[in-house]
Structure formats: structure tokens, C-alpha cells
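The values are calculated or read from the model by the stated rules, or taken from the named source; none is laboratory data. Values in this document were obtained by computation on a predicted structure and should not be read as measured data. For neighbour counting, all protein chains shown are included, and Cβ atoms are generated from backbone atoms with ideal geometry for every residue, glycine included. What goes into the accessible areas is simple: the full protein's heavy atoms, side chains included, and nothing from ligands, DNA or RNA. Shrake-Rupley method; radii C 1.70, N 1.55, O 1.52, S 1.80 Å.
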Amino acid sequence: MKRRHSLALAAGLALADSALDSVPRYGARMKRMKASAPLQHLTIGELARVSGLGVETIRFYERRGLLERPARPVRGFRAYPRAAVESIAFVRGAQELGFTLKEVRDLLALKAASGTDCAAVRGRAAAKLGQLDTRMARFARMRETLRALLARCPGRGELAKCSIVAALSSPARESRGGRHAVRSTRRPAMKTGELTIQGMHCDGCARTIEALLSAETGVKVATASYADGNARVVFDPAKIDLAGLAKAVERAGYQVRSSR
């Protein structure tokens with residue numbers, strides 16, 4: 001009898017111990033599950049940590065209209081949706097490709113608008129590529145000029161005899177042929193042309209074509225109309241012609257039927 005009673009008591013104690021031991025284990029397991037489960041809403045600090053930005057950068061995006069600022073509740077903190085992480089990634093990706101904050105805001109508006117055609121986004125990307133090509137060509141000319149200046153510089157001696165200082169102080173610049181060309185104060189004779197364009201689906205396409213044409217070297221003013229199906233351009237014929245303008249539009253996927 002005593003032995004049976006001892007065994008029953010031992011079994012009861014073991015069962016009690018296991019029940020008590022399961023409580024902290026269960027609590028720890030629930031904490032791990034909550035930590036692994038994605039949060040549906042984020043505070044601004046959590047959003048900054050997930051996106052890899054500072055809190056002030058997020059607030060700057062809000063002020064510039066790149067990120068919607070949630071309303072502050074009566075109690076607690078502002079809650080950002082998970083979609084805010086995607087929006088921030090979009091902004092940063094566009095900035096890395098050279099888009100200005102205004103251009104990024106326009107892209108976000110296209111992304112949010114229902115029925116936006118892919119051609120509108122493609123056109124803006126093509127316009128940005130044209131701008132980058134123009135800048136790279138200018139940078140290449142600047143690099144060659146600096147190389148030529150460095151090649152002529154003795155690298156020592158009096159500053160008054162420095163060829164780099166003399167070249168930068170001169171009102172003239174050397175051309176590729178070695179001759180000096182004085183800057184002309186005369187304004188170039190501008191020309192106005194018109195392109196008849198097919199493939200525009202909305203006013204956004206017209207804005208895209210305006211951006212494409214404005215990015216071309218020699219273009220002073222470019223306006224496009226979705227209703228009329230055309231674009232008018234004021235340009236310098238010494239730098240670009242109507243055929244070059246038409247190619248700029250066609251690179252974005254539109255068709256130019258005529259130009260005059």
C-alpha cells in the first residue's frame with residue numbers, strides 16, 4: 001500500500017511539473033510566432049528600420065508628397081501600412097536611376113492611377129535615358145578638355161604662368177582643331193516644327209512626349225496634345241532637326257506619321 005501510494009504521488013508530482021514547465025515554453029513559442037509574423041501596420045520607427053532609412057528622411061518624403069502620411073489616432077502612434085515599404089523602395093529605385101523628386105512624384109501618380117498605360121511610364125524612362133545621354137556627352141567633353149589642360153600644365157612654377165589658370169581665365173576656348181573660338185553673343189535662329197504622332201492613349205502620353213522632346217539637345221520649348229495627336233517644338237536647327245526629334249519620339253514606342 002505504501003509503495004502504491006508513493007508511486008501515485010510521484011506520478012502526480014511529475015504531471016504537475018510538466019504542466020508548469022509547459023507554460024513558459026508556450027509563452028516563448030508564442031513570442032517567436034508573433035516576431036516571425038509580418039506586421040500589418042508599422043510605426044514610423046519600424047518603417048524606418050525595415051526600409052533602411054532614417055525617420056527624418058521618411059518625414060521629408062511625406063512633405064514632398066512621395067509618401068502618404070497616415071492620420072494620427074486619438075491614442076497611440078501613426079500606423080503606416082505595409083504598402084509604405086514598397087512605396088519607399090519605388091522612390092529610392094527611381095532616384096538611383098536619376099529621376100528627380102518631382103519626376104518620382106509623377107511616376108507614383110501614374111502607378112496609382114487606374115487605367116494607366118505602360119507606354120506612359122516607358123516614355124518617361126526613355127526621356128530620362130535621353131537626358132543621361134546628353135549629360136554623359138557633356139561630361140565626356142569636359143573630361144577631354146581637362147585632359148588637354150593637364151597635358152600642357154608643367155606642374156610646377158609660378159602661378160602666374162599656370163596654363164590651367166590662363167585657360168580658365170580666357171574668354172576663348174580651344175576647339176578640337178586647336179583654334180580659339182570666341183563665345184558668340186548672338187542668339188541662334190530658332191525654328192518651329194510640328195510632329196503628327198500616333199499611339200497616344202491619354203494626356204499622360206502627351207506629357208511623356210513633351211518630356212522626351214524637351215530632353216533633346218537644342219530644344220527650347222515642346223508641347224504635345226493628346227486631343228490633336230501632335231506635338232509642336234521650338235528648336236535650334238543647328239543642333240537638331242525634325243528627323244532627330246521624330247526618332248526621339250519613336251524610341252519611346254510612338255509612331256510619327258509626318259513632320260513639318
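Points to keep in mind about this one:
- Total residues in region 208-260, condition in contact (Cβ under 8 Å) with a residue 40 or more places away in the chain, among the polar types (S, T, N, Q) and not in a loop (DSSP other than H, G, I, E, B): 5
- Answer from 85, 121, 91 - the residue that is at pLDDT 90 or above, closer than 28 Å to residue 200 by Cβ and among the β-branched types (Val, Ile, Thr): 91
- Residue match in region 94-111 (condition: modelled with pLDDT of 90 or more and in contact with a strand residue (DSSP E or B) (Cβ under 8 Å, 6 or more places away or on another chain)): no
- Tallying residues that are at pLDDT below 80 and under 19 Å from residue 142 (Cα atoms) within region 152-162 yields 0.
- Contact map, region 114-135: residues that are within 12 Å of residue 254 (Cα to Cα) paired with residues that are among the polar types (S, T, N, Q), Cβ distance under 6 Å, separation 6+ or inter-chain. Pairs shown: 120/208; 123/208.
- Evaluation of residue 66 against (1) open to solvent by 70 Å² or more (accessible area, probe 1.4 Å); (2) closer than 24 Å to residue 42 by Cα (one fails), failing number: (1)
- The single condition from (1) modelled with pLDDT of 85 or more; (2) surrounded by 15 or more Cβ atoms within 10 Å (Cβ to Cβ); (3) in contact with a strand residue (DSSP E or B) (Cβ under 8 Å, 6 or more places away or on another chain) that residue 237 fails is (2).
- Test result for residue 110, of a type outside the set (S, T, N, Q) and either over 28 Å from residue 216 (Cβ atoms) or in contact with a helix residue (DSSP H, G or I) (Cβ under 9 Å, 6 or more places away or on another chain) (or both): yes
- Meets criteria (hydroxyl-bearing (Ser, Thr, Tyr), within 20 Å of residue 124 (Cβ to Cβ) and open to solvent by 20 Å² or more (accessible area, probe 1.4 Å)) for residue 214: yes
- Taking region 52-157 as the region of interest, the helices (runs of 4 or more DSSP H) fully inside it that hold 1 or more residues being over 24 Å from residue 209 (Cα atoms) and of a type outside the set (S, T, N, Q) are 55-63, 83-96, 118-152.
- Failed condition for residue 246, given (1) crowded, with 16+ Cβ neighbours inside 10 Å; (2) more than 17 Å from residue 130 (Cα to Cα); (3) in contact with a Ser or Thr (Cβ under 7 Å, 6 or more places away or on another chain); (4) of a type in the set (A, V, I, L, M, F, W, C): (2)
- Residues (in contact with a Lys or Arg (Cβ under 9 Å, 6 or more places away or on another chain) and either among the hydrophobic types (A, V, I, L, M, F, W, C) or within 24 Å of residue 121 (Cα to Cα) (or both)) located in region 68-86: 71
- Residue match in region 91-103 (condition: open to solvent by less than 80 Å² (accessible area, probe 1.4 Å), more than 12 Å from the chain's Cα centre (by Cα) and of a type outside the set (S, T, N, Q)): no
- Pairs meeting the criteria (first residue in region 139-165 and of a type in the set (Ser, Thr, Tyr), second residue modelled with pLDDT under 85 and assigned to a helix (DSSP H, G or I), beta carbons under 6 Å, at least 6 apart or on different chains) are 163/152.
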